[in-house]
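Structure record follows, encoded as structure tokens.
What follows is calculated from the coordinates using simple rules that are stated; it is not laboratory data. Given the structure is predicted, the values throughout are model-derived calculations rather than measurements. Cβ atoms come from the backbone with ideal geometry, glycine included; neighbour counts cover every protein chain shown.
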Amino acid sequence: MEVSRREFLKLAGLASAGAVVTASSGALLTGCSPLIGMEDESLNAKNMGMLFIPSRCEEGCHDCIDACNKMHNVPKHDNKDHEIKWIWETEFQHAFTEYMENELLKERMEHMPFLVMCNHCANPACVRVCPTQATFRRKDGLVLMDYHRCIGCRFCVAACPYGARSFNFKDPQKGLQNPVPNPNFPKRTKGVVEKCNFCSERDIHGQFGSPELPYCVEACANKKGSLGESALIFGDLKDPEFIEQFEKIQKDEKLIPLRRKEIAGTQPKVYYLV
Amino acid sequence: MMYDTGKIVAGIIIFLAIFSVPFWYSQVTGDAEEVPNLDPALESLKAEGKQCVESVDYMRAKHMDLLNTWRDDVVRGADREYVSEEYGVTYDKSLTDTCLEQCHTNKSDFCDQCHTYVNVEPGCWECHNIVGE
């Protein structure tokens, strides 16, 4: 078959354009953070989550927050713009903004105190936007920070629908005692983002003995006298025993599980039983 | 025949003297004799019956690589146990708890001495706390 020079050039142009489109769409589809959408069982993963039962909370008690701040050397700066928060108290209207249009609920819930923290989402927006993979989702479902890699771009701060991330505008040491409250846990440095880590430094899976709980849960259980009465409960959402416990509380105390901003599609793993 | 020979030669000598400052400055001022010496620190640890996670030679050359690997293993992989290739002993991968707390309690003697000498500034201590400081 005779191919004219003009036809050959046309064909070559089409072929190379096709190759570019195929290659780049493939890269776009697979180029996301590797653990995103990992609800699949193939990773044989745990999926750690938290339950919070506000009705069990004692008024004026901040033991959970204090324990976390102390053990993680969370600095306290005077200027509110520089505030660093891992776990903190807010009102229902701020945690569940979308419910404020619900007139019937608004009356009752508006000023109810709520604990908020990083939701360790199953589909975390922060991980998706992080350009250095400094924030990543570990196989057990914890969304963690690698402070060594953080370049302080704050994309994650903007991406997080829960405001769970704080940027160190100031040297954290300026908001801490010297020596720091817990010398065995590192402090952070100016210019990195930090947040709740579900106490990943503790032996939460019991690899080296009996499993340890996050400090906030431990503090609450100590205050209440037993883990069964704690307002914070931590466990593996893929563990049938844990789910059973979860369902029993719902049934016994006539509570329904809510998650913050579900419409954002991030699959948060902190459940509020209200 | 060259004009201004004296001036040119003097100029060249002055230029070479200034240009070569880095090569002779420390010899003249005596700084060259202050070479870091880890032996006393190592001897006293040895006397206590302690050994490092790997051989001394390996640690001298590769401690920064080992610490970087430990860092990634712990932070990203939740892998905290290190089995020594040299001795087969298991250690906790922790700069503060294993290295500094158990043996090298004298950071200024042990770490800073060489780091200052070779003018490297590891960022470790900006976040990781030094025991007793």
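Taken over region A:46-273, the alpha-carbon convex hull comes to 137 cubic angstrom per residue.
For region B:36-126, the calculated P(r) over all alpha carbon pairs, in 10 Å bins from 0 to the bin holding the longest distance, is 14, 50, 32, 4 percent.
Report the net charge of residues surrounding A:N73, where surrounding means a beta-carbon distance below 12 angstrom and charges are Lys +1, Arg +1, Asp -1, Glu -1. Walk me through the intermediate numbers first.
Numbers: positive: A:K70, A:K76, A:K187, A:R188; negative: A:E194, A:E201.
With Lys, Arg at +1 and Asp, Glu at -1, the net is +2.
Its relative contact order, with pairs defined as Cα atoms under 8 Å and 6+ residues apart, puts region B:36-126 at 28 percent.
For A:K251 and A:N178, the FRET efficiency from 1/(1 + (r/R0)^6), where r spans their Cβ atoms and R0 equals 35 Å, is about 0.10.
Plugging the Kirkwood radius over Cα pairs into Stokes-Einstein for region A:44-151, at a temperature of 10 °C and a viscosity of 1.306 mPa s, what D comes out in µm²/s? Working shown, then result.
Values: Rh = 16.4 Å.
Answer from the Stokes-Einstein relation: 97 µm²/s.
Report the charge-dipole magnitude of chain B in Debye, nearest 20, computed about the Cα centre from +1 at each Lys and Arg Cβ and -1 at each Asp and Glu Cβ. Could you put the intermediate results ahead of the total?
Working: 10 positive and 24 negative charges, 88 e Å.
Around 420 debye, computed over chain B.
With the simple model of a label 7 Å out from the Cα in the direction of the Cβ, A:K106 to B:T29 spans 7.3 nm. Against the compact-protein benchmark of 2.2 N^0.38 Å, the Cα-based radius of gyration of region A:155-208 scales to 1.37. With a cut-off of 13 Å between beta carbons, the residues surrounding A:E262 carry a summed charge of +3, where Lys and Arg count +1 and Asp and Glu -1. For chain B, the longest principal axis of the alpha carbon atoms and the long axis of helix B:56-77 meet at an angle near 60°.
Between the residues A:A219, A:C61, A:N182, the greatest Cα displacement towards the positive end of the dipole of the protein assembly as shown, with unit charges on the Cβ of Lys, Arg, Asp and Glu, is found for A:C61. Roughly what angle does helix A:5-30 make with the longest principal axis of chain A, taking Cα atoms, 0 to 90 degrees, to the nearest 10? Value to nearest ten degrees: 10.
Which GluC sites (Glu not before Pro) does region B:13-55 hold that lie in a coil by DSSP with at most 12 other beta carbons within 10 Å? Intermediate results must be reported in sequence, preceding the final value.
Working: sites: B:E33, B:E34, B:E43, B:E48, B:E54; in loops: B:E34, B:E48, B:E54.
Listed in order of number, the matching sites are B:E34, B:E48.
Ordering B:Y117, A:Y215, A:Y147 from the fewest to the most neighbouring beta carbons within 10 Å gives B:Y117, A:Y147, A:Y215. What the Cβ-Cβ distance of A:E91 and B:I13 gives, at R0 = 56 Å and to the nearest 0.05, is a FRET efficiency of 0.10.
Full extension from B:Q102 to B:N37: what is 0.36 nm times the residue separation minus their Cα-Cα distance, to one decimal in nm?
Details: separation 65, 0.36 × 65 = 23.40 nm, distance 2.08 nm.
Result for the pair: 21.3 nm of gain on full extension.
Report the local net charge at A:D63: Lys and Arg +1, Asp and Glu -1, summed over other residues whose C-beta lies under 10 Å from its C-beta. Display every interim value, and only then the final one.
Details: positive: A:K223, A:K224; negative: A:E58, A:D66, A:E218.
In short, -1.
In this structure, the residue pairs whose Cα-Cα separation is over 20 Å, taken from A:K106/A:K224; A:K187/B:K107; A:K85/A:K269, are A:K106/A:K224.
Here, P(r) means the percent of Cα pairs in each 20 Å bin from 0 to the largest distance; for the protein assembly as shown it is 20, 43, 23, 11, 2, 0. So, in nm, how far is label B:D112 from label A:K76 when the simple model puts each one 7 Å beyond its Cα toward the Cβ? Each label point is offset 7 Å from its Cα along the Cβ direction, giving 3.1 nm. Comparing A:H205, A:H62, A:H111, which has the greatest mean-square fluctuation in the GNM of chain A with Cα pairs linked when under 10 Å apart? Its mean-square fluctuation being the largest, the pick is A:H111.
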